[in-house]
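Trainee: Let me give you the structure first, and then I'll get to my questions.
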Amino acid sequence: MVYFLGRDVAVTIKAADDVKAVTATGAVAADGTGDTAFASVAGVAVSDLTGVDLGIGVTDEDVTYIGSKTVLKAEIKKETTVSLTRKKSNNAWDAVFNAGARWGTDGSDGFIANLAGEPTTISMSGGTGVTFGYQVEITLLSNTEVFKVPNMQITGHTVSLNADGTTEETIELLSQETPVIASS
């Protein structure tokens, strides 16, 4: 697990390949008017970022065979989690989490979701990839490396409160795809 301060990194949230049906500008609208975008094909920078928590994990299974003293460790799945914390300035993250855009967007129907749970279909977009989820890019401010995590889904959203009002909010994203580390 790695924790970055918001001043040390820049985070961009990109939508899947085809989001043109959600708004005319190609952004995942969070407030219904299109004024506040959560993600777009080109990417939306997260403003007022205070912290980024990046976790990478692997789940293994131990397999033993009768009559053998050797234990096989088989990798079952990889998991990458990103928690973004920012100063609350609008309702974009609230709307995306509560309106059903947790799994991304579909080019023809808008948000991929049914209100009962997980998406029922995942469509291909012209052979260029699955329109499922979001891609989160974490760029070090030294502009030397970019950590890209594809096909992330939103798994949680919290808002911290104090006596004066809302201060910060956190959104948690999860992916089981292999992240890419590249030079910028």
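Where a number appears in this text, it was derived from the coordinates with a stated rule and is not lab data. Note that this is a predicted model, so its numbers are computed, not measured. Positions of Cβ are backbone-derived with ideal geometry, glycine not excepted, and every protein chain shown enters the neighbour counts.
Trainee: Within 14 Å, Cβ to Cβ, of THR139, how many net charges do the neighbouring residues add up to if Lys/Arg are +1 and Asp/Glu are -1? Each step should come with its number before you reach the end.
Mentor: Details: positive: ARG7, LYS14, LYS148; negative: ASP8, GLU137, GLU145.
Residues near THR139 contribute 0 overall.
Trainee: Setting aside same-chain residues fewer than 8 positions from LYS14, which lysines have a Cα under 29 Å from its Cα?
Mentor: LYS14 reaches LYS77, LYS78, LYS87, LYS88, LYS148.
Trainee: Skipping prolines and chain starts, which residues have an amide H placed within reach, meaning under 5 Å, of the one on GLY156, given they are 5 or more residues away or on another chain?
Mentor: Here the answer is GLU172, since their amide H atoms fall under 5 Å of that of GLY156.
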